[in-house]
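Data block below; observations after.
The values are calculated or read from the model by the stated rules, or taken from the named source; none is laboratory data. The shown structure was predicted, so the numbers you read here are calculated from the model rather than taken from an experiment. Heavy atoms of the whole protein, side chains included, go into the accessibility calculation; ligands, DNA and RNA do not. Shrake-Rupley method; radii C 1.70, N 1.55, O 1.52, S 1.80 Å.
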Amino acid sequence: MTRGSARAGSASRSERRHRSRVVVGGLAVTALLGTPLLPPPAGAASPFGQGCDQAFEEGTEVSEPLTGDSLPLEAMGVPAAQEELAARGVEPGAGVTVVVLDSGAVEVPAVPAGAVLPSQAGGGRPLDHRGTTFAGIVAGASFTEEGAERPTPVGIAPGAQVVSVRVLDDIDPDAEGVGATTEALTAGLRSVLPLVRAADRTVVVAVPVAVPRGRALEAAAEELWDAGAIVVAGVGDRPVVDEARPDSADVPLARPSATEDAADVLGPAGAGHVVGVAATDVADPLRSSAVDVAAPSVGALSWAANGAPCIAPGPSTTIATAEVAGVLALLVSRFPDDSPQQLVDRLVGSAAGRADVASRLTGAGLVQAAEAVTRPLLPQRSGTSGETTVARDTASALAPPPVSDPLAGARDEALWWGLLGGGALLLALVLRPVLARRR
C-alpha cells in the first residue's frame, strides 16, 4: 500500500479506513483504464461475517458467524492444488517458512507461528490488523461451519510456518505509532537474512507494503534472493485523494495516468528478482512495469485476533501479495528441491496470461495454483540470473509451449471441403425443381 499522507489526520482511525476502501465496480474508471475486474467464480457466494479489521480490537466478540467460501481461493484453483498435494501425501506448505513484513501479528491458535524476529517499528501489541490478517491468508487453518458437510479452507498453505516481522505500526503516518518507511522495511528485510541462510529449503518473504524506492532497500531484497529466498511484494495501491485537503492530490501516483509506471516510485517490487504482485479487482489500479502476476483480493478469508475466522478488507494489492506468497509456499512444499528461479518460473509460467507480453496491470496474468503444482516444466540453461549467481540454482525452467497438432491442417482442410461439398449438394437439391420446370 502506498503512503497515506493524503488521509486526514483529524479523522478517527476507523473513519480513515472507511474512506480508504475502494468500491469495486467503478465502471467509468474501469473503462478508462482497461482494468480486468474479475467476477466471482460461477456458483460462488460472497462470504458473510465479521471483518478482520472490525475484530482486531482486544476483547471483540464475534457478531456474526462466518459463512461462505474464500472467493480468491476458488478463483485461483487453490482447493484443487491442495487436493493434489494431499494425494501425494504432502501437507500444503509443510516445512516451508513464510516471512511477512508488515504491522506484526497477534498470536492466533489457528495460524502456525514460527520464530519472532525483532520489531523494526513500535513495541507491545500490534496496532493494526494487517499482519494478523496476512498471516491467516497464508497459513490459517480451515474451520467447519455449523451443520456444514465439509471444512471451509482459509489459508492457502496451512502447513507453513509464518514468521511476522513488524516494520510499521499503522499504514497511515498520521495515525498512532510508526508509519511505513523505506528505512524500516530495509532493516526488516536484512533481519530475515540469518533465517534464510539457516533454512534447508526456499523461504518465501512477503512484503505487502509498498514504500518509496531506495538503493539500500533494493540491495536488501537482492541479498535475500542470493541467500535462497523469494521476495514477493505488492506493487502498491493508489493513494486516496481527500477533497478536503488539496495537497493530497499532489502525492505521487494520486492521479491516474495512462503513462504512469509505479515501479519508478515504489519498491521493493520491480527491484532485481522481486516478484511484483497486482490485484485483479481494484477499480483504480496503479500501472506498473513491476507486475509479474496478479491475484483477486475481494472475499478472502483469514483469522481475527479474537480467534474467529473473518473476511479480509479488500480490494488491495496487500491481500493479493499474501495470497501469492501462500501459493509459492504450496510450490515449495510440492517441489522442495527446486531452486528459487524454478519456483518463480512455475508461478509465472502457469498464470492465466502471457509472460512474454506482460501487462502493467496484471503481468503474466491471474495466478493458477492448480496449474502451478501440476504442469511440467522444460529444463533450460541456467546458473545465473542477470549479473548475480543464484544460490541453489541448478536448472531454471520455463513452462512448455502448447503441444502442436500435426493433423490440425489436414482436419481443417477436410472440414472446408466437407462444407463446400455439402453446400453444393444443398444448392443442387434446391435448383433441381426449377431446372425440371424449364425442361
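Per the Kirkwood formula applied to alpha carbons, region 85-207 shows a radius of gyration over Rh ratio, Rg over Rh, of 1.03.
If you roll a 1.4 angstrom probe over the protein chains with everything in place, what fraction of the accessible area of region 120-193 belongs to carbon and sulfur, to the nearest %?
Answer for region 120-193 is 48 percent, counting heavy atoms of protein chains only.
Translational diffusion of region 75-148 was estimated from the Stokes-Einstein equation, with Rh taken as the Kirkwood radius over Cα pairs; at 20 °C and 1.002 mPa s the coefficient is 149 µm²/s. A 1.4 Å probe over all protein chains sorts Arg287, Arg197 by accessible area into Arg197, Arg287, starting with the largest.
From the C-alpha coordinates alone, can you work out the Kirkwood hydrodynamic radius of region 252-389, in Å?
For region 252-389, the Kirkwood estimate is 16.1 Å.
Taking all protein chains in place and a 1.4 Å probe, what share, in percent, of the accessible surface of region 262-351 do carbon and sulfur account for? Reported share for carbon and sulfur atoms: 43 percent.
Surface analysis of region 228-370 yields an accessible area of 27 Å² per residue, using protein heavy atoms and a 1.4 Å probe. Annotation: per residue accessible area for region 123-190 equals 35 Å², rounded to a whole number [probe 1.4 Å, protein chains only].
Using just the C-alpha positions of region 161-228 as equal point scatterers, what log10 of I(q)/I(0) does the Debye formula give at each q in 0.15, 0.18, 0.28 1/Å? For the requested q values the scattering log ratios are -0.50, -0.69, -1.32.
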